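Note sheet for the following structure.
The values are calculated or read from the model by the stated rules, or taken from the named source; none is laboratory data. Because the structure is predicted, anything quoted here is derived from the model rather than measured. Glycine also receives a Cβ, built like all others from the backbone with ideal geometry; neighbour counts cover every protein chain displayed.
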Amino acid sequence: MELSGIISLVAAIISAPLSAWLTAILLRKKYDMEVEQLRAQVKASKAETRGDELENVKKAMTILMEEVVEPLKKEINEIRKELARFRRAVEKVNTCPHADIACPVRDELRHAEKCEGHAREPTG
């Protein structure tokens with residue numbers, strides 16, 4: 001075997017692992033960059049999803065306030081007005097001209113107190 005044949009053989013033996021090693025290094029860098037890009041995309045998606053979740057919660061709270069809380073507040077205020085009117089009427093029962101005789105309102109109120117035990121005190 002001549003010197004050129006030996007050099008060619010040594011070059012072939014060295015070049016195959018060397019090229020495989022260089023290819024692996026370059027591919028590793030490429031894949032590392034792709035992984036970093038994907039991580040950045042995932043992070044951005046998570047932030048966007050969190051923002052969407054917060055927006056949905058805000059919308060739900062707005063709907064809840066408009067559709068449930070506000071009508072309930074109005075209804076409670078109406079009930080308070082009716083209750084105040086009822087209390088004023090009940091307070092006037094004893095001064096009613098029919099109080100000496102059988103007053104159906106007073107009798108009904110007393111009957112209701114007996115059936116329910118004691119009348120509830122307002123919690124104010």
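To keep it simple, each residue is scored yes or no on (1) surrounded by 10 or more Cβ atoms within 10 Å (Cβ to Cβ); (2) at pLDDT below 90; (3) within 30 Å of Val105 (Cβ to Cβ); (4) in contact with a Pro (Cβ under 8 Å, 6 or more places away or on another chain).
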{"site": "Gln41", "(1), (2), (3), (4)": "yes, no, no, no"}
{"site": "Arg80", "(1), (2), (3), (4)": "yes, no, yes, no"}
{"site": "Leu83", "(1), (2), (3), (4)": "yes, no, yes, no"}
{"site": "Arg87", "(1), (2), (3), (4)": "yes, yes, yes, no"}
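Report yes if Glu113 is of a type in the set (Asp, Glu) and modelled with pLDDT of 75 or more, otherwise no. Judged against the criteria, Glu113 is not a match.
Within segment 43-59, can one find any residue that is hydrophobic (A, V, I, L, M, F, W, C), surrounded by 11 or more Cβ atoms within 10 Å (Cβ to Cβ) and modelled with pLDDT of 90 or more? Within segment 43-59, none of the residues are hydrophobic (A, V, I, L, M, F, W, C), surrounded by 11 or more Cβ atoms within 10 Å (Cβ to Cβ) and modelled with pLDDT of 90 or more.
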